[in-house]
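Read-outs throughout are calculated quantities, based only on the coordinates presented, and are distinct from any laboratory measurement. Just so you know, these numbers come straight off a predicted model, no measurement behind them. Glycine gets a Cβ as well: all are built from the backbone with ideal geometry, and neighbour counts include every protein chain shown.
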Amino acid sequence: MRLTQQEADPIGAITAAPIVVIGAVLSLGTSLALTWVHRSEIVAPVAAVAAIVLVAAAGAVAAVSAAPSRAPFTAERLWLVVTLAVGAAIAEYMSTVGSNQYLYDDYGPVVIGMLILSVAPFCTWLSLALAGVLASIVLSILVVGASAYVVADAPVAALIAVNAAPVVALSAAAAGYAYAIIAETLAWQREANRAALQRDSELRAGIARSVQQSRVSVLGREVLPFLAGVMTAERISVADADRARELAEELRRALRAGIESTWLDDLAANLRVSRGVETLVDDPTGAADVLGDDQRSALTALITWLADTGRSERVSVAFSPEPEGGLIRIVADPAARPPAKRELDRFVAVARAVALGAESVSTRENVTVELRYVIE
Amino acid sequence: MSLGLPGHLARDSLSRALAFAGHCAAFACLAVSISVGVIVATVGGTPGGWAGAALAAIMALALAAVARFPTVTLTVLALVIGTGIMIALTVLIMRPGGFATTNNALLAMPRIALLLVGGAGSGSLIAIVWASLGYALGEAAMFLGVALVGGVYAPNMAAAAAFGILIVVRVFDGVSRRSDARQETGLHRASQQTRELAIRHDYELRATARLHDTALSHLIAIASAGSGVVDERLRAGIRQDLGLIVGRDWAIDHAGPTTAGSPQRASTGARAGGSDVAPATASAAGTGAGAVDDTVATTGGRSRRRAAARRTSAPSSSARPDGGSAREVAAADGEPSLVQAFTAAEHAGLTVRVTGDVGVMRVLGPARAEALDAAVAQCLINVARHAGVAEAELALGLGGGEVTVAVMDSGVGFDESAVPDDRIGLRTSIRARIEQQEGTVRLWSTKGIGTTIVLTVPEGGA
């Protein structure tokens with residue numbers, strides 16, 4: 001369960017990216033509105049302004065970090081956001097220190113909570129919960145300082161509890177969401193894996209029927225009758241000997257081609273035939289076989305999407321091995337409807353979610369995506 | 001193995017996750033309410049705190065019930081109970097001398113819990129409806145409470161903000177899913193496709209390797225012999241190997257039920273055997289027919305089977321009750337047996353001595369029996385090809401929930417690590433088959449003394 005939604009369901013996280021912007025804007029709006037509401041309590045205007053700037057900074061960091069093109073959202077980014085937001089709460093405390101009559105109109109806790117909630121799709125439930133707890137602790141210290149001036153006649157402990165409530169409630173919601181969405185996704189994945197294994201075995205059973213046109217079937221239909229012919233003939237003719245040499249060579253070639261090629265070559269061949277888009281694979285070391293299942297899926301999805309009639313005229317995939325892994329360079333020559341950058345980013349984010357270092361560059365001439373993989 | 005949630009599940013999954021998030025927040029609010037009540041009662045010396053804590057606890061119970069069983073009845077019940085508690089809490093908190101208006105933090109927390117009750121059904125719209133109901137009931141309860149006890153009514157801003165956050169999240173969820181990014185990215189289709197490609201590739205490679213193993217040496221021999229009379233040894237070699245693969249479903253390991261593919265294979269067999277030399281015809285035709293349907297035995301096939309049965313001397317007479325071969329009986333019943341293995345031995349001209357009861361195959365499921373049969377067949381083919389002897393021993397046994405078949409020969413033996421990689425018979429045809437059925441393959445071979453292969457598979461199976 002130490003997963004984030006971004007890792008387990010990358011598309012879901014991409015879809016959720018705008019909510020971070022919304023959360024950031026709402027946080028800033030809240031801080032502005034509540035600063036206006038308790039303007040009479042402000043003793044240090046500089047601190048009040050600094051608090052609003054810090055809220056804006058925290059929101060900006062969160063929104064930028066969650067952008068699909070900067071995936072994955074690391075734990076450090078969460079801490080940066082929370083630290084800035086807590087800084088805003090401290091600055092707000094400084095701005096009203098000594099004359100803060102009501103804690104109810106302080107925006108610090110709400111802003112921290114809202115920012116934690118809005119990055120929930122990108123963090124593990126544990127780190128979200130921890131962020132909530134740590135922020136509450138800092139806020140509690142502030143409340144102890146503020147309690148002397150507060151109008152309400154209540155025990156300090158009660159003030160602490162009430163003041164921390166927004167952070168606690170909103171980070172509980174964030175952690176709950178992160179936990180539940182991962183549980184849902186993993187449950188589905190278990191189901192899907194079972195179905196995939198079932199399909200695999202059905203496919204294996206039925207494969208002979210569907211590959212009558214494959215290389216080996218065609219070859220078998222030539223070689224076997226030829227051998228039978230020789231077996232039953234009296235003499236071998238010169239033509240027979242030549243034919244035998246030819247077939248032997250073809251058989252060797254087929255085996256070598258089979259050993260050297262990978263599933264990716266088959267994918268390219270499929271795309272060439274079905275879509276009519278020239279798809280080339282240059283993979284001298286058969287590195288495509290090193291990729292994990294999810295990485296293969298991400299690569300297949302990207303290539304299939306690029307090699308669409310109208311989107312690209314030509315797609316080439318080149319593997320270059322490196323000491324610890326390798327680099328896959330996918331270059332597409334755009335056609336009438338060139339791939340949009342925003343859509344491409346989605347695939348880049350998916351690739352990043354499956355541990356492929358991904359960069360994409362779009363120019364007028366071509367679209368280049370570089371995926372870097374590591375062999376474990 | 002498969003990335004993320006597919007489009008059709010995303011809606012319900014996200015909705016459930018958001019509802020769960022709401023419940024977490026509601027429990028957090030109520031927990032704070034309870035602790036504030038307890039603190040006020042103990043530290044603050046105000047006994048009313050106990051009542052407040054108890055009311056919040058009852059609300060938490062109602063919420064837990066809805067979280068556990070999200071039915072319409074329970075949701076409505078929780079909202080009614082929550083509304084009642086809100087009235088009571090307002091009366092309790094708004095006593096004269098306390099808060100100026102109902103816009104305060106203490107009332108906000110149960111209010112927020114009430115609007116987060118959520119409830120039955122999934123989807124953004126239903127969730128927004130439930131939340132609106134919770135919000136409105138809470139507001140009304142507060143109003144009523146103030147009317148009862150006196151005090152100033154003002155809308156609770158914290159509850160309104162929480163309601164606003166919920167609306168934003170739910171609307172965003174509803175709208176963002178319309179873009180259908182999941183469908184367009186096609187990750188799930190891609191995942192299926194890659195698996196299929198890998199399986200096909202693997203299949204092709206194995207089939208090619210098998211064809212390569214069987215036919216290449218003959219092709220080279222023919223090519224290097226040049227024109228002239230066909231060498232008898234070559235002829236015999238070709239006959240033996242064609243017998244092993246022609247007409248059989250040679251290209252695949254997993255010999256499924258012979259249906260759609262059989263006409264193709266039958267014609268291949270017929271073409272291969274469609275010759276003018278009598279013994280060859282009988283051999284090829286017999287093999288072809290045997291592969292197409294084991295229950296249909298042509299005259300030629302039957303006579304050859306009888307011949308084979310004579311050679312296949314089975315000490316256990318129960319295996320061949322009427323003088324026919326065990327596999328003929330078994331094939332007629334459709335029960336698992338070692339049909340392929342005996343057929344392979346027969347075509348390879350190998351005499352097989354059987355100890356133990358072939359009937360133990362019955363404890364295996366059809367696919368597992370098929371796999372074991374095919375693996376034993378491949379073992380016998382290897383003996384015929386490489387061991388340099390014309391006799392092999394087959395021992396069958398059942399014990400410890402496993403079926404064990406040992407294939408022994410006293411041939412030349414070999415060093416497993418020295419077997420070239422392109423000879424994939426042992427690796428794929430035997431080991432892969434057995435391991436796929438959760439079985440094990442053990443092999444002992446000593447040069448000049450012989451080879452023993454022990455195949456073990458668990459009982460049952462598909």
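Peptide A:182-195 shows a mean partner chain C-beta count of 4 within 10 Å per residue C-beta.
Compared with the dominant Cα axis of chain A, that is its longest principal axis, helix A:341-353 is turned about 90°. Equivalent-ellipsoid semi-axes for segment A:73-120 (Cα gyration tensor, √(5λ), whole Å, largest first): 25, 11, 4. For segment B:73-154, the fraction of C-alpha pairs more than 20 angstrom apart is 31%.
Measuring between their Cα centroids, segment B:25-85 and segment A:305-368 lie 54 Å from each other. For segment A:263-374, the share of alpha carbon pairs falling in successive 5 Å distance bins from zero is 2, 13, 25, 26, 20, 10, 2, 0 percent. Using C-alpha pairs under 8 Å with a sequence gap of at least 6, the mean separation divided by the residue count of segment A:5-189 gives a relative contact order of 27 percent. Taking every residue in B:9-16 and counting other chain Cβ atoms within 10 Å of its Cβ, the average works out to 5.
Summary of packing: across the peptides B:198-207, A:28-37, A:338-347, B:370-379, the per-residue average of other C-beta atoms within 10 Å ranks them, highest first, as B:370-379, B:198-207, A:338-347, A:28-37. For the pair A:GLU278 and B:GLU402, label points projected 7 Å from Cα toward Cβ lie 5.7 nm apart.
Applying a 10 Å radius around every beta-carbon, put B:128-141, A:115-128 in order of their mean neighbour count, most first.
Values: B:128-141: 19.8, A:115-128: 25.6.
Top to bottom by mean Cβ count within 10 Å: A:115-128, B:128-141.
Around the amide H of B:SER337, modelled in the peptide plane, lies no amide H under 5 Å away from a residue 5 or more places distant or on another chain. From the alpha carbon centroid of segment B:437-458 to that of segment A:1-79 is 64 Å. A protection proxy built from the mean count of other Cβ atoms within 10 Å ranks the segments A:231-241, B:440-450, B:151-161, most packed first, as B:151-161, A:231-241, B:440-450.
Given the DSSP H assignment, sum -39500 (n - 2.57) over each helix run of at least 4 residues in chain A and divide by its residue total; what's the result at 222 nm in deg cm²/dmol, nearest 500? Write out the running numbers ahead of the final one.
Values: 12 runs with 243 residues, N = 376.
One gets -22500 deg cm²/dmol as the mean residue ellipticity at 222 nm.
A viscosity of 1.567 mPa s and a temperature of 4 °C, combined with the Kirkwood radius over Cα pairs in Stokes-Einstein, give a translational diffusion coefficient for segment A:1-158 of 81 µm²/s.
Fewest Cβ neighbours within 10 Å first, please rank A:THR15, B:THR456 accordingly. Spell out each step's value before the answer.
On the way: A:THR15 23, B:THR456 20.
With the fewest neighbours first, A:THR15, B:THR456 line up as B:THR456, A:THR15.
Per the Debye formula on identical point scatterers at the alpha carbon atoms of chain A, with no solvent, log10 I(q)/I(0) at q = 0.07, 0.14 Å⁻¹ is -0.50, -1.13.
Measuring spread by the Cα atoms of segment B:7-185 yields a radius of gyration and Dmax of 17.4, 63 Å. How many nm is it between the label spots at A:SER320 and A:ALA75, if each spot is 7 Å from the Cα in line with the beta carbon? About 3.5 nm, to one decimal.
For peptide A:147-159, how many partner chain Cβ atoms fall within 10 Å of a residue's Cβ, on average?
Values: counts 0, 0, 0, 0, 1, 5, 3, 8, 9, 2, 8, 12, 3.
Shielding by partners across A:147-159 averages 4.
Kindly put A:VAL46, B:VAL146 in sequence by how many other C-beta atoms sit within 10 Å of each C-beta, fewest to most. Don't skip to the end; give the middle numbers.
Numbers: A:VAL46 10, B:VAL146 20.
Exposure proxy ranking, most exposed first: A:VAL46, B:VAL146.
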